[in-house]
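Peer 1: Take a look at the following structure, please.
The values are calculated or read from the model by the stated rules, or taken from the named source; none is laboratory data. Everything numeric here is computed off the predicted structure, so don't read it as measured data. All Cβ positions, glycine included, derive from the backbone under ideal geometry; neighbour counts span all protein chains shown.
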Amino acid sequence: MKQCQARVLDLVEVKGGFFSLTLYEPYLAATARPGQFIHLRVGSGVAPLLRRPFSVAGADPAKGTLHLLFRCVGEGTKLLSRSREGELLDCLGPLGNCFISSGAEPAVLLAGGGGIAPLIFLAESLRAAGRELYLFYGAAKSADLLPLEQFLSPGPVVKYATEDGSAGEAGLLTAVFQRALAAGLFPGELFACGPRPFLAALAQQNQRRGYPLQVSLEERMACAVGACQGCAVLIRRNGREDYLRVCREGPVFQSTEVVW
């Protein structure tokens, strides 16, 4: 982890409320791994007081660039959406642990809503290694889905799901995934990120099938360095239950470890 001054290279509103941010910061670009995040100061004054965590959506060590995707939902992201080219943003990172692939194929990635950002990074990393990939991406409606063709290289099989049926298959992403399994999809390993209810349902469904499943948890963070304990979740390891910090021991855990 290092405190860095990242320079804004590009900030584009991809669609209503969704932004793509490219930063120049060689250290972060060289060291960030899929599943990790950075903690960003989004204002120059005292408000907002706390930094904001953002999953890394991509990195290019050769160019020294880091890619973030975010949705404007509050004061912090509103301030970030007003950043200007050349502006320096104070950030800490990379933070947390990363997804670790066993190499089993195919790798299946499941993203609920805003959980797509770290899985784009993971998909690009696995694709570069020649892996067979499936990416399931779901949200409540089509307006909540990012246009993945703008961020993903050709290769992964992408399946969309919306609860109202306005894009892709109709229904919850967990149900769409279960239908794919019933139709013959046999995953080598699973990776997921999204709202906790989605991850909990996915983990419960996977108990019977037993595929290796890594989940990236989304929790509110204050310090993001393990000091405040505000993002602690109950984890079961080696027959014992204890509270571990999402920012330090996570955000990626085995699904069987999380006490849902």
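Peer 1: I need a count of the residues in the range 1-42 that are surrounded by 22 or more Cβ atoms within 10 Å (Cβ to Cβ) and among the charged types (D, E, K, R).
Peer 2: So the answer is 1.
Peer 1: Does at least one position in the range 197-205 carry a residue that is crowded, with 17+ Cβ neighbours inside 10 Å, in a helix (DSSP H, G or I) and polar (S, T, N, Q)?
Peer 2: Of the range 197-205, the ones crowded, with 17+ Cβ neighbours inside 10 Å are 198-199, 201-203.
Remaining after also requiring in a helix (DSSP H, G or I): 198-199, 201-203.
Checking the rest, the ones that are also polar (S, T, N, Q) come to none.
No, every residue in the range 197-205 fails to be crowded, with 17+ Cβ neighbours inside 10 Å, in a helix (DSSP H, G or I) and polar (S, T, N, Q).
Peer 1: For the range 131-159, how many residues are under 15 Å from Gly114 (Cβ atoms), crowded, with 18+ Cβ neighbours inside 10 Å and of a type outside the set (A, V, I, L, M, F, W, C)?
Peer 2: 3
Peer 1: Which condition from (1) surrounded by fewer than 14 Cβ atoms within 10 Å (Cβ to Cβ); (2) on the phi > 0 side of the Ramachandran plot is the one that Glu85 breaks?
Peer 2: (2)
Peer 1: Can you spot a residue in the range 225-234 that is in contact (Cβ under 8 Å) with a residue 12 or more places away in the chain, touching a Ser or Thr at 6+ places or on another chain (Cβ under 8 Å) and surrounded by 15 or more Cβ atoms within 10 Å (Cβ to Cβ)?
Peer 2: Step one: of the range 225-234, the residues in contact (Cβ under 8 Å) with a residue 12 or more places away in the chain are 225-226, 229, 231-234.
Filter once more, so that each one left must be touching a Ser or Thr at 6+ places or on another chain (Cβ under 8 Å): none.
No, because not a single residue in the range 225-234 is in contact (Cβ under 8 Å) with a residue 12 or more places away in the chain, touching a Ser or Thr at 6+ places or on another chain (Cβ under 8 Å) and surrounded by 15 or more Cβ atoms within 10 Å (Cβ to Cβ).
Peer 1: Under 29 Å from Glu132 (Cα atoms), surrounded by 15 or more Cβ atoms within 10 Å (Cβ to Cβ) and of a type in the set (Val, Ile, Thr): does that describe Val252?
Peer 2: Values: under 29 Å from Glu132 (Cα atoms): yes; surrounded by 15 or more Cβ atoms within 10 Å (Cβ to Cβ): yes; of a type in the set (Val, Ile, Thr): yes.
Yes: the conditions hold for Val252.
Peer 1: Would you confirm whether or not the range 110-127 contains a residue that is in a loop (DSSP other than H, G, I, E, B), under 14 Å from the mean Cα position of the chain (by Cα) and at positive phi? Don't jump to the end; show me each part of the working.
Peer 2: As a first pass, look at the range 110-127 and keep what is in a loop (DSSP other than H, G, I, E, B): none.
No - not one qualifying residue is present in the range 110-127.
Peer 1: Between a first residue in the range 169-197 that is farther than 11 Å from Phe136 by Cα and touching a residue at least 40 places away in the same chain (Cβ under 8 Å) and a second residue that is among the polar types (S, T, N, Q) and surrounded by fewer than 18 Cβ atoms within 10 Å (Cβ to Cβ), which pairs have beta carbons less than 7 Å apart while being 6 or more apart in sequence or on different chains?
Peer 2: Glu189/Ser102
Peer 1: Find the residue count for the range 213-243, including only residues that are over 22 Å from Ala117 (Cβ atoms) and either in the same structural domain as Phe177 (by TED's automatic domain parsing) or assigned to a strand (DSSP E or B) (or both).
Peer 2: Matching residues across the range 213-243 total 9.
Peer 1: Being of a type in the set (Gly, Ala, Ser) and surrounded by fewer than 18 Cβ atoms within 10 Å (Cβ to Cβ) narrows it down to one of Gly194, Gly188, Gly168, so name that one.
Peer 2: None of the others qualify; the one that does is Gly188.
Peer 1: Further question: Only one of Leu69, Leu40, Leu89 is within 14 Å of Phe121 (Cβ to Cβ) and either at pLDDT below 95 or of a type outside the set (Val, Ile, Thr) (or both); which?
Peer 2: Leu69
Peer 1: Shifting gears a bit: Identify, by number, the condition in (1) under 29 Å from Lys15 (Cα atoms); (2) free of Cβ contacts under 8 Å to residues at least 60 places away in the same chain; (3) among the aliphatic types (A, V, I, L, M) that Ala222 doesn't meet.
Peer 2: (2)
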